1. So what is the relative contact order for segment 120-210, in percent, with contacts set as C-alpha pairs under 8 Å and at least six apart?
2. Which value, in nm² and rounded to one decimal, describes the direction-averaged projected area of the C-alpha convex hull of segment 95-198?
3. If you keep only loop residues by DSSP, which trypsin sites (Lys or Arg not before Pro) in segment 123-209 have at most 14 other Cβ atoms within 10 Å of their Cβ?
4. Through the Karplus equation 6.51 cos²θ - 1.76 cosθ + 1.60, θ set to phi - 60°, convert the phi angles of segment 89-102 into ³J(HN,Hα) values in whole Hz; use x for Gly and Pro.
5. Just to check I understand the Karplus step: with θ = phi - 60° and J = 6.51 cos²θ - 1.76 cosθ + 1.60, what whole-Hz values come out for segment 134-144, glycine and proline as x?
6. State the percentage of accessible surface on segment 78-141 attributable to carbon and sulfur atoms; use a 1.4 Å probe and exclude ligands, DNA and RNA.
7. Note down the magnitude of the dipole of segment 102-174 about its Cα centre, charges +1 on Lys and Arg C-beta and -1 on Asp and Glu C-beta and zero elsewhere, to the nearest 20 debye.
8. Given a 1.4 Å probe, how much area per residue of segment 129-194 is accessible, in Å²?
Amino acid sequence: MREPINRDARLALDLALTIRHDGNGGVTDDLADPAGLTAWVRAHPEVLPDTAPDRADVHREGLPVGTAPQPADGGAAGFTADAAHLTAVRELRAAVRALFARAVRPGEPSPADAARLMPLPEAVRHLNETAARTPTVPVLAWPEGATPVVRQKPVGAGDDLTAALAHAVIAFLASPDRDRLRACHAPRCVRYFLKEHPRQEWCKPSCGNRARVARHHQRHKAPARADRYPPERPRTARGTG
């Protein structure tokens, strides 16, 4: 059994999957406008956590332990996207999907944007430059009776949305989980997914069912056509006597 998908892999995948099948044979974009990005960020609170101070900082400020001042933006819950946020995240997503297409080689990329992928050198450069907008440092947390946990804390006063996403994408692409990335090629599907077992071909069972039905119809199409239109019998020359 595979371990559950970690935070970085989940964020990277969820960002890429904001381009998805619309259920009617086409492709839709969950980040088509600032409202869509706002809804997506609020559904992923881990991307913009509240910047609560450490306990030592709380004591220094004379506040009771457990009472942390709220950040100005309220983390993801208080996030509202504007046009600049939308442009930045969509550009990052384009880089991510280009790098996902590289990661699934020699398999085919998602058909959603296979013909218009960002050039790979540009995608790598854009991802690194985006990640550099907010440098982070590792911070250790080791509660009594629990195992140590390391989180990345922004060096500056606040976090940057696209930088936080870029950090997650870089961590995922540099991890062994990258080798599990696949593009689903079931009919009408344009998703990327992480392969959970060696024989998995599709992102979910419903895609596997559609693919099997399509294969069945394809196998039986040619024989049915042959029965409907039998080949002509060779003609024989008529006698002249």
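The values are calculated or read from the model by the stated rules, or taken from the named source; none is laboratory data. The structure displayed is predicted, hence computed values, not measured ones. In this analysis, Cβ positions are derived from the backbone assuming ideal geometry, glycine residues included, and neighbour counts consider all displayed protein chains. Note: areas computed on protein heavy atoms with side chains; ligands, DNA, RNA excluded. Shrake-Rupley method; radii C 1.70, N 1.55, O 1.52, S 1.80 Å.
1. Working: 92 pairs, mean separation 17.4, N = 91.
For segment 120-210, the relative contact order is 19 percent.
2. Result: 9.2 nm².
3. On the way: sites: Arg125, Arg133, Arg151, Arg178, Arg180, Arg182, Arg188, Arg191, Lys195, Arg199; in loops: Arg133, Arg188, Arg191, Lys195, Arg199.
In loop regions of segment 123-209 (DSSP not H, G, I, E or B), the sparsely surrounded trypsin sites (Lys or Arg not before Pro) are Arg199.
4. With coefficients 6.51, -1.76 and 1.60, one gets 5, 5, 5, 5, 4, 4, 5, 4, 5, 5, 6, 5, 4, 5 Hz.
5. Whole-Hz 3J(HN,Hα) from phi for segment 134-144: 9, x, 10, 10, x, 10, 8, 10, 9, x, 4.
6. Numbers: 1880 of 3370 Å².
For segment 78-141, the apolar C and S fraction of the accessible surface comes to 56 percent.
7. Details: 7 positive and 7 negative charges, 28 e Å.
Dipole about the Cα centre, nearest 20: 140 debye.
8. On the way: 3550 Å² over 66 residues.
In whole numbers, segment 129-194 has 54 Å² accessible per residue.
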